[in-house]
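Nothing in this text is a laboratory measurement; each read-out follows from the coordinates by a stated rule. Please read these numbers as outputs of a predicted model, since none were measured by experiment. FYI the Cβ positions are ideal-geometry reconstructions off the backbone, even for glycines, and counts take in every protein chain you see.
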Amino acid sequence: MSGFGRGLIMKNHSKRNALALAACLAATPVFVSADGKWGEDDQLGAANLMTTERIKAATGLVTEGKVYSLGMEVGPDTPAFPPRSLSVTILQPGQNGNSGLGENNFTYNDDIFMGWLGIGSQIDGLGHSGIDHVYYGGRTYDDFAPASGLTELGLNNLPGLVGRGVMLDMTRHFGTEMVEEGVAYTEEDIKAAADAQSVDLREGDVVLFHSNWMDLLDGDNADPARFAAAEPGVGVSGAEYLADIGVMAVGADTWGMEVVPAEEEGQAFRAHQILQPENGIYILENMDTRELAADGVNEFLFVLGQARIEGSVQMIINPIAIR
């Protein structure tokens, strides 16, 4: 087992901790459709906030036309939450021993993808995170999650995400080149970072956090083992604050978006639970925010069009920020 897997199991996934977490959350209400605001059959969650008015307003943020790719390159060596992995096989189907198709000798390469869709830069759909097998809208595991694919909450239902993006530079907030693992972004931190950048967070926003954690993958002092073992990220009060604002999605330049190890021993991915089953907010992981930070970009037009594979829980993505 990798250090990534061992670290997470030791800190967040031991049987004892899991039992304690289940007991703690047994009394925690699971909000149906974010307090019922979109109805009990809703499958889009905070994507309902993607109104024509907000989209048109977000296009006004484009003043230079510069495009930023937020997706990282993904390969077989990309650190991933265990046991996730991927591989690609290149084939020339039906072309062995011949010159291809037609008199013009058309030849081509195809690729077979074998792997997990929640790897590298990814979106977590609303069918991903639950509380004791209860998911967004009060759905239970048996209601919608057979092995053949989600029957509800699949990412095939999501048309994409477009809106105002805000990037909060947490290296600037904490006065460091890279935020250290285990540092939680609290409500107070998020408010202070936004204030320092003279941006306000609004309903329907896509909020991204920059810690410079991606430098551990390809920077001058790369340390993939450290990248995968823990991370800075959104804390419990930070997640609750963002949910109160009513943001559409929360993302970060780390593999899990939220702080690891958790702020409270025995808890596992509590911010995921606050954002997803309780409030219907999408999660974006491994967002490469370095170029945005280098250019001092605070807000931008955010555009995401994920593959709409029927019944999918997560998806590898390459969102675009346009300033």
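The spread of Cα positions in segment 43-113, taken along each principal axis and listed from longest to shortest, comes to 57, 40, 31 Å.
Spin-label model, ALA57 to THR176: label points 7 Å out along the Cα-to-beta-carbon direction sit 3.5 nm apart. Annotation: the residues ARG164, ARG308, sorted from fewest to most other C-beta atoms within 10 Å of their own C-beta, follow the order ARG308, ARG164. If you find the alpha carbon centre of segment 264-323 and of segment 83-105, how far apart are they in angstrom? After rounding, the separation between the Cα centres reads 34 Å.
For a test of the definition: using alpha carbon positions, the gyration tensor, and the 1.5 limit on a/c, classify segment 150-223 as rounded, prolate or oblate. Because a/c hits 1.5 or more and a/b fails to exceed b/c, segment 150-223 counts as oblate. With Cα atoms as the point set, the radius of gyration and Dmax of segment 224-313 evaluate to 14.2, 39 Å.
State, to one decimal in nm², a quarter of the convex hull surface area for the C-alpha atoms of the chain, i.e. the direction-averaged projected area. Could you put the intermediate results ahead of the total?
Working: hull surface 78.7 nm².
Seen from a random direction, the Cα hull of the chain projects 19.7 nm² on average.
For the chain, DSSP calls about 65 percent of its internal beta bridges antiparallel. Rounded to whole numbers, the Karplus 3J(HN,Hα) couplings from phi for segment 109-122 are 9, 10, 10, 10, 9, 10, x, 9, 7, x, 9, x, 5, 8 Hz, using 6.51 cos²θ - 1.76 cosθ + 1.60 with θ = phi - 60°, and x at Gly and Pro. Modelled spin labels at ASP295 and SER148, positioned 7 Å past Cα toward Cβ, are 4.6 nm from each other. Size descriptors for segment 255-296: radius of gyration and Dmax over Cα atoms are 13.1, 39 Å.
Going from the fewest other Cβ atoms within 10 Å to the most, the residues LEU101, LEU49 appear in the order LEU101, LEU49.
With q set to 0.14, 0.18, 0.25 Å⁻¹, the log10 of I(q)/I(0) for segment 117-173, from the Debye formula over equal scatterers at the Cα positions, is -0.54, -0.76, -1.08. Select from segment 231-323 those chymotrypsin sites (Phe, Trp or Tyr not before Pro) which occupy a DSSP coil region and have at most 15 other Cβ atoms within 10 Å, ordered by residue number. Sparse-neighbourhood loop chymotrypsin sites (Phe, Trp or Tyr not before Pro): none present.
Look at where the Cα atoms of segment 43-71 and of segment 111-175 average out, and the two centres are 19 Å apart.
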